[in-house]
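Have a look at the structure below before the remarks.
The values are calculated or read from the model by the stated rules, or taken from the named source; none is laboratory data. Every value quoted in this text rests on a predicted model; they were computed, and no experiment measured them. So basically every Cβ, Gly included, is an ideal-geometry build from the backbone, and we count neighbours across all protein chains shown.
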Amino acid sequence: MKKIRERIGGIVLTILSLALTVGVKTVFSACGPKDDGSWMNCHWAEQAVFGIGIALTVISVLVLIFGKSRTGAGASLAAVPAAAIAAFTPAGLINLCMMTNMHCHSVTRPAVIVLSVLIAVTAAVNAAVIFRKTGRGQDK
Amino acid sequence: MKLTESLSFRNVTGHGARSLILVILTALMAASVVCGTLVVSSLRTGLEALEARLGADIMVVPASAVSKHNFENIVLQGSKGYFYMDRSYYDKVAAREGIEKISPQLFLASASSGCCSVPLQIIGYDPETDFTVSPWIKKSAGGELKDLDVVVGNDLSVFVGNTITFYGVTCNVAAKLDKTGTDLDTAVYTNMNTIRELIRSSVELGMNEFGKIDPDNSVSCILIKVADGYSVDEVLNDLNLHVRRTKSFKTKDMISGVSDSLIGVSDLIGVLIAAVWVLGLVILFLAFYMSVNGRKKEFAVLRTAGASRKKLSGIVMTEALMITLTGAVSGIMIGLLIILPFNGLIEESLGLPFLLPSLPTAFICAAFALAVSVGAGMISAAFSAYRISRIDTGLILRGDN
C-alpha cells in the first residue's frame, strides 16, 4: 500500500498519458477523410497529439519507475511543457476543420485540452511534492 | 491552531475511505446541479437567440418541401438541404395584402469533396429586400455585398478578408454573423447572383442534378413580415388559401416544436437532478448519523475531558463542512470541465439550439451549486450534531447506550 502511495503520481500520469495517446486515435479521434479520400487539417493535429502522447507515456513510465527520487521529479517536470504543447496543438498550433460544429472541434479539441491540462497539473504537483519531500541538495 | 491540527481535520483524514465516499457523493450532487442548470440555461439562451434571429412572421415554402424529413431544421436552423419553387410564386405572394416586408431565399448544400472548402448550407438572399440576415452581421468589410462575396456564420473558422471555395468558385468573406447556437452558425449567405453561379457550377461539375429547375427563376423560401393593422393569422390564412402549391407557416408555431423539445429536455434534467439529490441526501444523512453514532464513546470522553456541548456539535459540523466543501468544489470543477469545453458535443447530441450563457451567469450557476450542496450537507449533519450534543456521558461510558 505504501509503495502505491509513493508512486501514485506516476500511476495517475501514466493512466492520463495512455488515455491521451490511445483516445486521440479512438474515442476522440479527429474527423475522417473527405469523400475523395483526402484528409482535412485536423487529421494532422491528431497525428501530432498522438506523437506527443507517446512521448508523454514514456516520460510517465519513467516517473513511475523512479518514484519519489529527484530523477522522478525531473521526469515529472519534463511532462509539463510536453503536455502544454499537446494542449496547444489543436488549440492554435495546427488549425482544425473550418466548421466549429465538426467532430474535431466538438470532441477532439476539448478532450485533448482537458487531458493535457490534467497531465500538466498532475506532473507539476507530483514534482513539487517530490522536491518538498527530498529537500534541497540531497537525493533520495 | 492550524486547520490541519484540528480534531475535525484529523477525524476526516483518519477515516479516509468514509470521507472519500462522502466527498464523491457531494461532488456528484454539486456536479448534477451545475451541469443541469448550465444545460437548461444554455438551451433557453439558444431558443431566445433563435427567436430573435428569425425575424420573419411567416415563411412560405413549396408544398412538396414539407414532406422532407428535416424540413423544419432546414428553414429554421440552417441544416443542409434544399427545395425549390418557381419565382412566379414570389410575385403571387408579394401581391397579397398585409405584407410589410418580403424577401426570397435560395438554398444550396455544398459537398464534402475537394471542390468545396467545407460541406454546409449556402443560402442566397436578396440584400435589397432582406430583413433577417443583415441585422445579425457582427463584422463586415463595409460596403455592399458584391457578386462572389459571402457572409459567413459565426462557427466558421474563416475571417473577413479570407476566401472560401464552393464547387470550384472562390468567394470572398465579406462579413461574419453573430452566434445563434444553431446550424445557422455554420451557414454561408450570399446574394442571388452568386448562389445561381454556384448552382450552375455544381451542375457543370456533375455534383448536383436539378432536372427542370431553372436556378435563375427559382426560390426556396419566402420570408414575410406582416404589416401593421393585419394579424399574422389573417395573412397566413390568406396565403394558404390563395397561393396554391405552397405552404405558409407561422415561424412562432415552428419554433414551438423546438420549444416543446426544450421543455422535455429540461424536465428530464430536472428529474435526474431530483433523483441524484434524494439519493444523495438520504445517504449523507445516514452516513453522518452512523458515523457519529459509532463514535459516541469518543464524544463522551471529550465531554468528560471538559469539551462543551457546543464544542461537540461544532466538531461534527466542521467535519461536515470540510467534506461537503471539498466535494462541492470538486464537483463544480468537474461539471464545468464537462459543460464548457464539450458544449459543441452537447449541442450536437441534443439537436437543439444551445448557446452557453455569459460568464457571470455561469459563475452564478456555480455559486448556486456550491451553496445548495454545502447547505444540504450541513443540514444532513445538523441532526447528528444536535444528538451528540445531548448525549448522556455516564450512560455511554458505562456501555448502556
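Here are some notes:
- Yes/no for B:LEU43 being farther than 30 Å from B:VAL282 by Cα, hydrophobic (A, V, I, L, M, F, W, C) and part of a helix (DSSP H, G or I): yes
- Filtering the stretch A:4-23 to residues that are closer than 20 Å to A:SER69 by Cα, touching a residue at least 24 places away in the same chain (Cβ under 8 Å) and hydrophobic (A, V, I, L, M, F, W, C) leaves A:ILE11, A:VAL12, A:LEU13.
Residue-wise test of (1) of a type in the set (Asp, Glu); (2) within 14 Å of chain A (Cβ to nearest Cβ).
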site: B:GLN121; (1), (2): no, yes
site: B:ASP155; (1), (2): yes, yes
site: B:TYR167; (1), (2): no, yes
site: B:THR170; (1), (2): no, no
site: B:THR180; (1), (2): no, yes
site: B:VAL188; (1), (2): no, yes
site: B:SER201; (1), (2): no, no
site: B:GLY206; (1), (2): no, yes
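- Among the residues of the stretch A:98-118, those that are closer than 20 Å to B:VAL188 by Cβ, in a helix (DSSP H, G or I) and at the interface with chain B (Cβ under 8 Å from one of its Cβ atoms) comprise A:HIS105, A:SER106.
- Taken over the stretch A:48-71, the criterion of being among the hydroxyl-bearing types (Ser, Thr, Tyr) and surrounded by fewer than 17 Cβ atoms within 10 Å (Cβ to Cβ) is satisfied by A:SER69, A:THR71.
- Restricting the stretch A:119-135 to residues that are without any contact (Cβ under 8 Å) to a residue 40 or more places away in the chain and in a helix (DSSP H, G or I), the residue that is nearest to the chain's Cα centre (by Cα) is A:VAL121.
- Test for B:LYS212: is it in a strand (DSSP E or B) and at pLDDT below 80: no
- Residue identified as more than 14 Å from chain A (Cβ to nearest Cβ), within 30 Å of B:GLU51 (Cα to Cα) and either in contact (Cβ under 8 Å) with a residue 12 or more places away in the chain or assigned to a helix (DSSP H, G or I) (or both) among B:PHE383, B:PHE363, B:PHE354: B:PHE363
- Checking each residue in the stretch B:230-268 for being within 31 Å of the chain's Cα centre (by Cα), outside any helix (DSSP H, G or I) and not small (Gly, Ala, Ser) picks out B:LYS247, B:PHE249, B:LYS250.
- If only residues of the stretch A:3-29 that are more than 18 Å from A:VAL117 (Cα to Cα) and more than 14 Å from chain B (Cβ to nearest Cβ) are counted, the one that is farthest from the chain's Cα centre (by Cα) is A:LYS3.
- Which numbered condition B:ILE74 fails, given (1) farther than 28 Å from B:ILE338 by Cα; (2) part of a loop (DSSP other than H, G, I, E, B): (2)
- Condition check for B:PRO360 on (1) surrounded by fewer than 17 Cβ atoms within 10 Å (Cβ to Cβ); (2) closer than 24 Å to B:ALA287 by Cβ; (3) not β-branched (Val, Ile, Thr): one failure, at (2).
- Annotation note: Cβ proximity below 7 Å between a residue of the stretch B:9-34 that is farther than 25 Å from B:CYS365 by Cα and a residue that is part of a helix (DSSP H, G or I) and among the β-branched types (Val, Ile, Thr) (sequence gap 6+ or interchain) occurs for B:VAL12/B:ILE323; B:SER19/B:VAL12; B:SER19/B:ILE323.
- Selection status of B:LEU345, outside any helix (DSSP H, G or I), within 13 Å of the chain's Cα centre (by Cα) and not small (Gly, Ala, Ser): no
- Residue match in the stretch A:28-49 (condition: of a type in the set (Phe, Trp, Tyr), at pLDDT below 90 and more than 30 Å from A:GLY135 (Cβ to Cβ)): yes
- Filtering the stretch B:306-348 to residues that are in contact with a helix residue (DSSP H, G or I) (Cβ under 6 Å, 6 or more places away or on another chain), among the charged types (D, E, K, R) and facing chain A (nearest Cβ under 10 Å) leaves only B:GLU348.
- Restricted to the stretch B:187-217, and to residues there that are among the small types (Gly, Ala, Ser) and surrounded by fewer than 24 Cβ atoms within 10 Å (Cβ to Cβ), the residue that is nearest to B:LYS247 (Cα to Cα) is B:GLY211.
- Filter result for B:ALA381 (of a type in the set (A, V, I, L, M, F, W, C), buried (at least 21 other Cβ atoms within 10 Å of the Cβ) and at pLDDT 85 or above): yes
- Only listed residue being crowded, with 23+ Cβ neighbours inside 10 Å and either in contact with an Asp or Glu (Cβ under 8 Å, 6 or more places away or on another chain) or among the β-branched types (Val, Ile, Thr) (or both), chosen from B:THR180, B:THR165, B:THR129: B:THR180
- Residues of the stretch B:76-108 that are aliphatic (A, V, I, L, M) and within 25 Å of B:THR182 (Cβ to Cβ): B:LEU76, B:MET85, B:ILE102, B:LEU106, B:LEU108.
- Exclusive hit being more than 16 Å from A:VAL12 (Cα to Cα) and in a helix (DSSP H, G or I), set A:ILE65, A:ILE85: A:ILE85
- Pairing residues of the stretch A:98-111 that are at negative phi with residues that are surrounded by 21 or more Cβ atoms within 10 Å (Cβ to Cβ) and aromatic (Phe, Trp, Tyr), at Cβ distances under 8 Å and at least 6 apart in sequence or on separate chains, gives A:VAL107/A:PHE28; A:THR108/A:PHE28; A:ALA111/A:PHE28.
Yes/no per residue for (1) over 27 Å from B:VAL265 (Cα atoms); (2) at pLDDT 85 or above:
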position	(1), (2)
B:ILE338	no, yes
B:GLY351	no, no
B:ALA362	no, yes
B:ALA366	no, yes
B:ALA369	no, yes
B:VAL374	no, yes
B:GLY377	yes, yes
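- Within the stretch A:68-82, the set of residues being outside any helix (DSSP H, G or I) and among the hydroxyl-bearing types (Ser, Thr, Tyr) comprises A:SER69 only.
- Qualifying residues in the stretch A:72-97 (those that are closer than 19 Å to A:MET40 by Cα, within 14 Å of another protein chain (Cβ to nearest Cβ) and under 15 Å from the mean Cα position of the chain (by Cα)) - the one surrounded by the fewest Cβ atoms within 10 Å (Cβ to Cβ): A:ALA91
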